1. Of all residues in the stretch B:8-35 being within 13 Å of another protein chain (Cβ to nearest Cβ) and surrounded by fewer than 19 Cβ atoms within 10 Å (Cβ to Cβ), which is nearest to residue B:96 (Cα to Cα)?
2. Somewhere in the stretch C:96-113, is a residue modelled with pLDDT of 95 or more and surrounded by fewer than 20 Cβ atoms within 10 Å (Cβ to Cβ)?
3. Which residue, of C:150, C:164, is assigned to a helix (DSSP H, G or I) and within 23 Å of residue C:214 (Cα to Cα)?
4. How many residues does the stretch D:277-289 hold that are more than 10 Å from every other protein chain (Cβ to nearest Cβ), more than 18 Å from the chain's Cα centre (by Cα) and touching a residue at least 24 places away in the same chain (Cβ under 8 Å)?
5. If you take just the strands (runs of 3 or more DSSP E) that sit entirely in the stretch C:1-107, which of them hold at least 3 residues that are more than 14 Å from chain D (Cβ to nearest Cβ)?
6. When you go through A:233, A:216 one by one, which is the residue that is in contact with a strand residue (DSSP E or B) (Cβ under 9 Å, 6 or more places away or on another chain) and under 22 Å from residue A:83 (Cα atoms)?
7. In contact (Cβ under 8 Å) with a residue 60 or more places away in the chain, loosely packed, with under 14 Cβ neighbours inside 10 Å and either within 13 Å of another protein chain (Cβ to nearest Cβ) or within 13 Å of ligand 2 (Cβ to nearest atom) (or both), is that true of residue B:80?
8. With within 19 Å of residue A:269 (Cβ to Cβ), within 14 Å of another protein chain (Cβ to nearest Cβ) and away from ligand 3 (no atom under 16 Å from the Cβ) as the only criterion, which of A:72, A:5 stands out?
Ligand SMILES: Cc1cc2nc3c(=O)[nH]c(=O)nc-3n(C[C@H](O)[C@H](O)[C@H](O)COP(=O)(O)OP(=O)(O)OC[C@H]3O[C@@H](n4cnc5c(N)ncnc54)[C@H](O)[C@@H]3O)c2cc1C
Ligand SMILES: Cc1cc2nc3c(=O)[nH]c(=O)nc-3n(C[C@H](O)[C@H](O)[C@H](O)COP(=O)(O)OP(=O)(O)OC[C@H]3O[C@@H](n4cnc5c(N)ncnc54)[C@H](O)[C@@H]3O)c2cc1C
Ligand SMILES: Cc1cc2nc3c(=O)[nH]c(=O)nc-3n(C[C@H](O)[C@H](O)[C@H](O)COP(=O)(O)O)c2cc1C
Ligand SMILES: Cc1cc2nc3c(=O)[nH]c(=O)nc-3n(C[C@H](O)[C@H](O)[C@H](O)COP(=O)(O)O)c2cc1C
Ligand code: FES
Ligand code: FES
């Protein structure tokens, strides 16, 4: 049962303010996270600082191997004191990293049309996933081939308003198709991203589809209603406040279906963050 | 009763590690502390940080007027988390400053031989005082004159060991005479600085002397015994843990003589930090 | 501008930002930094019948997000307060509340008698966290009977609004609150400091000469907030929230759970203008959300 | 190497560093980070008779130098613990202490009965901070009679050392400690979390779905230390210090005031290797000062 130690430190390379309240931070690590997969996350904190006290969970937005070591990228939004403190870091600052943690997205080889559905900052893990798929990192044998991948990847990105559609350049680089929506209609489809997907689904062959999603609870919930009656596999990355990140504190429970009890709590950090949407339960 | 606002911010110019655990920090201030006097102190904290919570008192080690504003210098020793946090500051960092606070050393114009007796980090306020006296800042009419000041300033500096005799270059620049002692005899007189002073006092004209001291409680105490029967005016700068720095919390009390009650507590921040040694009481 | 005025057991405040006893001296100390008239009220350092020397130093030590103090209620005594501190305080246009403490119930009563006729004293805050010397040193606030005794005696000699300041060092603060309310208190304030300790591991001595001290500051805010919430659900009189309030956001937490006003303590040490920053932050929050009256916030926790 | 071994009511530990219940899962979660055999003891998540779902999320929120948790004692239940968790724990060479909790005194007794014969369970830690369902939800630990009742029942069915974990949410913890000692407890541990609350001022809802939660972390250390000091002065049985211990220096404070051992809780979340860093720091302190036996430190506060 001994897993390998995934605790280490990283050095901030840069921390760029990419949009209002949004930052992309890149770190250089020498010992851990080499094999971090899309959907996984790390617990991160500034080294030597006692306030904030707890580490914060952030999804991987990019993982690159360089001569100097592994470079991790995060895309995050400042919502409170933890993310604010992260946003103050500058090149050379040291951070403590616990990770990679959690279950990654599972790739279904039989499904050739991958739909990634992101709301707000949910774009982070799905962007990395898109890059991973585009580079065929799961299929080393096809890597580097000149032929286009047989896989089609459609990225659905929703936000409240045009200015909050962050990370779109990266997505465009790696996806076959990018569909955007804004609540206020300032860019793309006017409405929620789930509504946009619902429209499009009508014209697609469901047997070839697989869905991955990350975003606000309300979005995941309407997605779960949308595909309830459809036979499309759907994995979602969930969020809950975390303390330990490793299944020890039971702080990050969410409700899931349970065969014998009807429902039970499951840990987002250790049993997730990626779940089959069919297993989730809503109040 | 309205005093003028002495609250502002400063920008770290540099923060140099001058000896093991000892730093000299210089700050640029634009609004306050222009007229800060030797013996006064400021309450200082890193801006925007919640840990450490309280500001820390530091004596003025130097005050200079420049075109850009007032430059303050501090000499401090890292003893705990507050001073450690200060030692981490680098050029450009902002600090909050409350000051100048407290009563300065009082200059006695009739006494032409000034003895400054410092133990350990007590060197900080006395160095500034030496500089102030050497530059005749209390006597504008004599400033800049080619003739040497009529004042003689002897600096007595004691420490545990040679390496802990910090700030000596500055002292040498501004004092007529510098006498050092170390407990282990590794530099100067072998013994305490009060013992050294005691030796020297025998050969001096007490009517012309005035004494100023700052250092560990044990040193001040033996000094008070030494001069108890002598008729030499002596002012000492005292230390106590502080929260507010302005006489509001009553955290920094020390025992002083009280005509009607025998003794009472007095606030180091507001009634001091400089006291007439004759008014102090020891347990 | 939104209406911030509140009523604390008959005492009208133009806004809910008060200063906590013992952290604001006798007001004057903060005059260089803020316009004292901007405050809702000033609560002065705790007053005893006779002047008190207080505890030997060291009296304070910082802890994680907090500080311990063992001032030991050093104060000038009620007489000197009236003669030397009130003349200045009377020149202000801000209600001045005298915080009082006694070693036995009679002493509380006598201080209340002395202060009641003094022009400029707007209300009394009765600190029942002090040890009851006549009952073996257990704090008045730890026991409903002794708390009731103190409050009844104070009420019997004053027509000023009586705010009773509760100790958090109890099993059931709401029960004490109910007892104090039944004894006639016009309002409650909570919490006073929580007893704590800190040790110098090099010298193996307590950091405070008094061994233990009272913990204040951000560290205790979650505890203070919980206690305020428990108490507002059990009493009808107004409750003033105290404990670890550093900014407008902390203040809003207390108002939302049901405090009618707040007291700012340790924050004054960190920045002598904290009270005014908090007031401005509160106004900004209300204006942004078009809240025109502070009562649209007080006690609006949804749960 | 200095001798760090201590005796906790008959249970021998090679060093005084234990893990606090609920912060170390069932041990296994930390196996990737430290050698579990280096610990003095492992205390597992609180066990109830039946599995418990726990509280709805959100369950945690950070506060100033602390965190609030309202896990609601989610646990696998004593049966699954014995079947699924003990086989792994038995492979370790470290004493495993089961933390137990009940809704009424009988439930404590029945859990103790079930665990006593299980190979590998070295001691029981009885958590009396839980609400007593049969007595209107007041915590067992808030009342000497109900605390005594629980401890007597547990003692009557087990020969394992019984550690009683005290709640800090009381007026007089030393009085509860004495009661529990008189009922036969072999050791005490304190403190459990302090009840607190935190509010989302934008949504005007509590941050925790359960409204209140337990405060842990550095913020509570001064309170925990004071309580340990009060208790060691009143009981003869060993006391284990818990609350806000983050490093060796914090540990030393507890030992110096008189704790025989300590438990590390929230610190495990911040760094999963905290326990080992603390152990190393403790050794370094002792070696530097030529202290050869930890008992030369325990209870050596000068005051
Ligand atoms: C597995 C996982 C992966 C994550 N990946 C990312 C990522 O890649 N990028 C990123 O920006 N964030 C990510 N998050 C969310 C991120 O961890 C939180 O936003 C962060 O912990 C908040 O900390 P804080 O101290 O800044 O805010 P807090 O002070 O804790 O909270 C501030 C306010 O924001 C609210 N809040 C807190 N968290 C959220 C949230 N997730 N959504 C909406 N409101 C919230 C709180 O209720 C509170 O009112 C992830 C979370 C999880 C569990
Ligand atoms: C008016 C005044 C002027 C001062 N000027 C200077 C100055 O110019 N330069 C300077 O270096 N310091 C000066 N000090 C002392 C300085 O304020 C303290 O060293 C500092 O506040 C300690 O904070 P800390 O958090 O680093 O240590 P803490 O964590 O508070 O203390 C660490 C340990 O050191 C001990 N300790 C704390 N303060 C002192 C002390 N003063 N002497 C000996 N041991 C102590 C504590 O008991 C504790 O065990 C001055 C103090 C006062 C009151
Ligand atoms: C230095 C100091 C002195 C205090 N003196 C008194 C006092 O005299 N009377 C009183 O009722 N409370 C006193 N208190 C308690 C405060 O009024 C307040 O209840 C407590 O500090 C919690 O609030 P805070 O966290 O905002 O400081 C004192 C607190 C401090 C820090
Ligand atoms: C997430 C969490 C879960 C806890 N669960 C339990 C528990 O099941 N039983 C128990 O007796 N104490 C429990 N505690 C309390 C801790 O064991 C400990 O007493 C408390 O956290 C104070 O120590 P600390 O400040 O080092 O965390 C829990 C604490 C936390 C933070
Ligand atoms: S964060 Fe601790 S169990 Fe998931
Ligand atoms: S530091 Fe507050 S009175 Fe001196």
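The values are calculated or read from the model by the stated rules, or taken from the named source; none is laboratory data. What you see is a predicted model; the values in this text were computed from it and never measured. Virtual Cβ from ideal backbone geometry, glycine too; neighbours counted across all protein chains shown.
1. Only one residue fits best here, namely B:9.
2. yes
3. C:150
4. 8
5. Qualifying strands (runs of 3 or more DSSP E): C:6-8, C:11-13, C:17-19, C:96-100.
6. On inspection, the qualifying residue turns out to be A:216.
7. no
8. A:5
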